[in-house]
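The values are calculated or read from the model by the stated rules, or taken from the named source; none is laboratory data. Keep in mind the model is a prediction, meaning the values are calculated, not measured. Neighbour counts are summed over all protein chains in view; Cβ atoms, including those assigned to glycine, are modelled from backbone coordinates with ideal geometry. All accessible areas refer to the heavy atoms of the entire protein, side chains included, with ligands and DNA or RNA removed. Shrake-Rupley method; radii C 1.70, N 1.55, O 1.52, S 1.80 Å.
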Amino acid sequence: MTQHRDIPVNLVTGFLGVGKTTAIRHLLAQRPEGEHWAVLVNEFGEVGVDGGLLADTGVALEEVPGGCLCCVSAQMFTVGLNRLIRSQHPDRILIEPTGLGHPAQIIRTLTEPPYAGVLDLRATVTVMDARHLASPRHREHANWRDQIALADVLLANKADLYSEADREALQAFVAAMPPPRPLVVETTQGRIERDWLNRPRLDRGGALFPEARDFLVTATADGHASHDHDHDHDHDHDHDHHHDDTAHPADAWVTIDTRGDGYIGRSWLLPEGQRIDHATLVRLVDDFAGDRLKGLVETDQGWHRLNRVDGHGGLEPMDAPDTPLRPRIEAILPESSASTLDDLTRALEATHAPNT
């Protein structure tokens, strides 16, 4: 990669369902004429829902499914990033880690050999929902705190849904942040200014994440990093980590589980041409009480995006994909609620709409 020098790179991070992909779509719509941008997307699940949501943007896209990029030494991440650099020669790379990912180790990897000099890491954008400040489950989660602690730009998204108490909590939270503080902006629909990507990274005294106390990385005798918390990712299936749709039978329902950081994700890859009964799916979505439910599905009323976060959101009509795409759905919820996924699996498989 010696011919590639100082490619601007930005992380767009944030917890589950805060609007990272939407913010990236806004950024891609602002890319300067003649510039070639690339996006690397990491998902907790295995079937590439977020990548599908970016497929119509006209940018080079690389997906790393099935875990989080905090395990950034994993071959999948380096292979995906190297492929983007070598084959696409991008003028900028945006990296979207999973909402359950720790950004600190990603930053370390991107700023050390072999990427030092090849990549120019610029502002880290953290997208948050200020309503989560009232939720101990979010505030006490190490990943949530780490993502905010590393922000150079803190985007308080979904501001149109904030109460006065939410805004007061956000103001108090920002006031209590140790200097240097990030640029903090309230926004809606993931709106973000392209110029913010070039803001300087904040000087935190040489420490990558001084406030992120729960994600301590220590060097082991063999030179690898070990984490001081349980961060295993169990994949309840056999797969080759390539994740091309053609790796699975086109006429089969494929169900894949991923676990980590106290959460379980289940991904469903539906048969080609499979349509779901729209009215039944709406009821299933409305009844879903987990943290995150997303997907790209074809119903008897056309293609829809499925987007539900913490009990809000549902189906949104979308144009049919330009290229054939197997419908896909992903659910994320605490491991303590894992039995809910079996009920949802049975309900989904019973929603078939007659094909014509």
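The set of residues in segment 185-204 being open to solvent by 80 Å² or more (accessible area, probe 1.4 Å) and in contact with an Asp or Glu (Cβ under 7 Å, 6 or more places away or on another chain) consists of R199, R201. Which one is farthest from the chain's Cα centre (by Cα) among residues in segment 91-109 that are at pLDDT 90 or above and open to solvent by 10 Å² or more (accessible area, probe 1.4 Å)? Taking the candidates together, the pick is D91. Look at segment 114-126: where a residue is at positive phi and a partner is open to solvent by 10 Å² or more (accessible area, probe 1.4 Å), sitting 6+ places away or on another chain with Cβ atoms under 8 Å, you get G117/R5; G117/D6.
Evaluated against (1) at pLDDT 50 or above; (2) under 22 Å from the mean Cα position of the chain (by Cα); (3) open to solvent by less than 60 Å² (accessible area, probe 1.4 Å); (4) not polar (S, T, N, Q), H278 falls short on exactly one condition, (2).
Here is a check on your reading of the model: is L161 farther than 20 Å from F77 by Cα and at pLDDT below 95? Yes. Of the residues making up segment 130-162, those that are within 16 Å of T187 (Cα to Cα) and in contact with a helix residue (DSSP H, G or I) (Cβ under 8 Å, 6 or more places away or on another chain) are A130, R131, H132, V153, L154, L155, A156, N157, K158, A159, L161, Y162. When restricted to residues that are of a type in the set (D, E, K, R) and open to solvent by less than 30 Å² (accessible area, probe 1.4 Å), segment 303-331 contains 4.
Can you confirm whether segment 338-351 contains a residue that is touching a residue at least 24 places away in the same chain (Cβ under 8 Å) and part of a strand (DSSP E or B)? No; the residues of segment 338-351 include none that is touching a residue at least 24 places away in the same chain (Cβ under 8 Å) and part of a strand (DSSP E or B).
When segment 110-121 is filtered for residues that are open to solvent by 10 Å² or more (accessible area, probe 1.4 Å) and within 19 Å of the chain's Cα centre (by Cα), only L121 remains.
When D240, D234 are checked against the criterion of being more than 20 Å from the chain's Cα centre (by Cα), at pLDDT below 80, more than 17 Å from K20 (Cα to Cα) and of a type in the set (D, E, K, R), D240 stands alone in meeting it. The criterion of being open to solvent by 20 Å² or more (accessible area, probe 1.4 Å) and touching a residue at least 40 places away in the same chain (Cβ under 8 Å) does not hold for Q171.
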